[in-house]
Each structure stands twice: as C-alpha cells, then as structure tokens.
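Below: the structure, in structure tokens.
The values are calculated or read from the model by the stated rules, or taken from the named source; none is laboratory data. If you're wondering where the values come from, they're calculated on a predicted model, not measured in any experiment. Using ideal geometry, Cβ is built from the backbone for each residue, glycine included, and neighbour counts are taken over all protein chains shown. Ligands, DNA and RNA are stripped out before the accessible areas are found, and what is left, the full protein with its side chains, is counted by its heavy atoms. Shrake-Rupley method; radii C 1.70, N 1.55, O 1.52, S 1.80 Å.
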Amino acid sequence: MNPRASLRSRIGIGIAVAAVLIFTLFPVYWMVSSAFDKKASSGGQSLLPQEFTFDNFAFVLTEGGFGTFLRNSAIVAIVTVVVSALVCLLAAVAVARFKFKFRTTILMMILVVQMVPLEALVIPLFLQVKSLGLLNSILGLMVVYVALSLAFGIWMLRGFVAAVPVELEEAAYIDGASWWRMFRSILLPLVMPGLVATSIFSFITAWNEFIFAMTILGAQTDQYTVSIGLKSFFGLFANDWGSIMAASTIITLPVMIFFVIVQRRLASGMVAGAVKG
C-alpha cells in the first residue's frame with residue numbers, strides 16, 4: 001500500500017474521530033461550563049466561565065427545592081430497580097427452565113410489548129393507576145416504571161438463564177442442594193452480569209423519564225422527580241440558564257457515576273445475553 005495513501009487515510013480517520021468527539025462532548029462541556037458561570041443566568045454564558053461561581057448549584061439545591069426532587073427520584077429509581085430485577089429474574093427462570101402451557105405465547109407477547117411505543121401506553125397506564133387510586137403519588141409512578149421494565153428485563157434475562165447448562169443445576173441437586181441453594185450458589189452468580197445490565201436500563205429509565213412522571217404526578221409538586229423539577233426553571237418569557245445547567249449537571253452525575261462503575265459488567269452482560277435465547 002502506498003505510504004502517502006496510508007498516511008492520508010489515518011489523517012482522515014483522525015479528523016473524523018475528532019469531529020465525532022467534539023460533536024458528542026461539546027454539549028456536556030457547555031452544560032458544565034454554564035453551570036459554573038455567574039453570567040449564565042442572564043444568558044451571557046461563553047465558552048469559558050467569565051465569573052466562576054457555585055451560586056447556581058446553591059440556588060438549585062436550596063431555593064429551587066431540587067434536594068426534594070433528588071430524594072424522590074432516588075426512591076423511585078431504587079425501588080424500581082430492586083422490584084423489577086427480582087420479578088424479571090424469577091420470570092426469566094420460569095420461561096427458560098419450566099415447560100408449561102402457553103409458554104411460547106407468553107414469550108411472543110413479551111416481544112410484542114417491546115415493539116409498542118411508550119407514548120401509546122400513557123393513557124392505558126394512566127387509567128390503570130387511577131383505578132388503583134395511586135394518582136399523584138410516587139408509589140403509582142413506581143408501579144408504572146416496574147411495568148415498563150418487565151418486558152425488556154424478562155426477555156434479556158431469559159437468554160442468560162438459558163445459557164446456563166442444565167447439568168450444573170442437576171449436579172447441585174445430586175450433591176443434595178435444595179432449589180434455593182442451587183439458585184443462590186449456581187444460577188444467580190452466572191446470570192449476575194445480565195441482572196446488572198437490566199438493572200442499569202431500569203435505573204436510567206426511572207431516573208430520566210418525563211412523560212409518565214408528569215402524567216402520573218400531575219400538580220403534586222412535593223412528589224416531583226428531577227426530570228419534572230428541571231422544568232420549573234423554565235420561565236414563560238425567560239429561562240434561568242444558570243440554574244437549568246446546574247440542575248442538569250446534578251441530574252447527569254448519578255447516571256455517569258453508576259455507568260462508570262458497572263460499564264465492564266454491562267458490556268459483557270449484553271454480549272453474553274445474546275449468545276443463546
């Protein structure tokens with residue numbers, strides 16, 4: 001291969017990669033930079049903070065009431081992750097290991113549910129939550145988020161459970177282990193990467209979702225999550241961009257930290273779950 005052509009190819013690839021990185025990371029940089037810029041609140045933000053300050057964060061967490069929104073979101077996200085992970089794991093074991101009537105039909109229904117746009121489920125879920133008397137409460141929102149997480153979680157974890165050799169379970173039974181002991185010592189450690197992967201998606205959905213939160217919680221401001229709380233900084237005629245960017249930075253941090261901690265297990269889990277289904 002011509003050395004000059006190879007050099008041009010590498011330069012072209014480098015430029016393309018740099019352009020993609022700038023396009024991807026610049027909005028994040030602008031958000032963080034504006035969050036620390038005192039003039040951002042009046043719309044005078046620039047590439048570099050002209051007057052570095054923490055006032056935007058202080059205002060958001062105190063007068064803006066964002067601490068309450070963070071608490072509500074943390075409660076909703078944690079409960080959603082724990083409940084959906086438990087239900088999805090048990091359901092995945094059932095459809096992957098046991099033979100029962102309408103098993104194939106149930107799997108097809110789970111697949112079809114994933115194809116339905118979330119917007120089409122807003123009214124049906126609203127009516128169901130209303131019939132349960134859970135409107136304007138984070139409990140009703142938790143029920144909705146758990147329901148939304150089940151289809152994807154069951155389908156993904158089913159691949160992990162099916163990939164575990166049945167012989168391992170039979171060997172545990174031969175050694176005198178009960179089903180619970182086999183599940184805790186054999187099956188659970190092997191499907192843990194998939195459980196982490198589904199939990200991440202459940203957490204991100206519960207933390208960032210807006211439409212269902214706004215529909216279920218309505219005007220109950222003390223129950224608002226961070227996604228709805230962020231809307232309170234948008235005015236009718238003007239926007240407080242300093243507070244908006246500070247709140248956006250606070251919202252982003254938990255997801256970024258959580259993803260950095262589990263990124264290796266998440267990647268391996270997504271690949272392993274596609275091996276067998």
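Details
- Most mobile of R103, R181, R158 in a GNM of the chain (Cα contacts under 10 Å): R181
- Theoretical gain in end-to-end length, L190 to S6 [0.36 nm per residue, Cα-Cα removed]: 61.8 nm
- Charge dipole magnitude, Cβ of K and R +1, D and E -1 - the chain, Cα centre, debye nearest 20: 880
- F234, F57, F23, reordered so the largest accessible area comes first (probe 1.4 Å): F23, F234, F57
- Dipole magnitude of region 27-98, debye to nearest 20 (Cβ charges: Lys/Arg +1, Asp/Glu -1, about Cα centre): 340
- Heavy-atom surface analysis with a 1.4 Å probe gives region 154-211 a carbon and sulfur content of 68 percent of its accessible area.
- Ranking I200, P124, T249 by how far each Cα lies toward the positive end of the dipole of the chain (charges on Cβ) leaves I200 at the top.
- Assigned charges on the beta-carbon of Lys, Arg, Asp, Glu; region 29-173 dipole about Cα centre (debye): 520
- Across the chain, C-alpha contacts under 8 Å between residues 6 or more apart give a mean separation that, scaled by the residue count, equals a relative contact order of 31 percent.
- Global form of region 1-157, assessed from the alpha-carbon gyration tensor, a/c cut-off 1.5: oblate
- A dipole drawn for the chain from +1 and -1 charges on Cβ atoms has a positive end, and of A16, L217, F54 the residue lying farthest that way is A16.
- Estimated distance in nm for a label pair at I78 and L118, the labels positioned 7 Å out from Cα along Cα-to-Cβ: 2.3
- Between N239 and A16, the contour length at 0.36 nm per residue exceeds the Cα-Cα span by 76.8 nm.
- Protection proxy ranking, peptides 165-178, 119-132, 76-89, average beta carbon neighbours within 10 Å, highest first: 76-89, 119-132, 165-178
- Here each label is just a point 7 Å from Cα along the line to Cβ, and for I261 and L168 those points are 2.5 nm apart.
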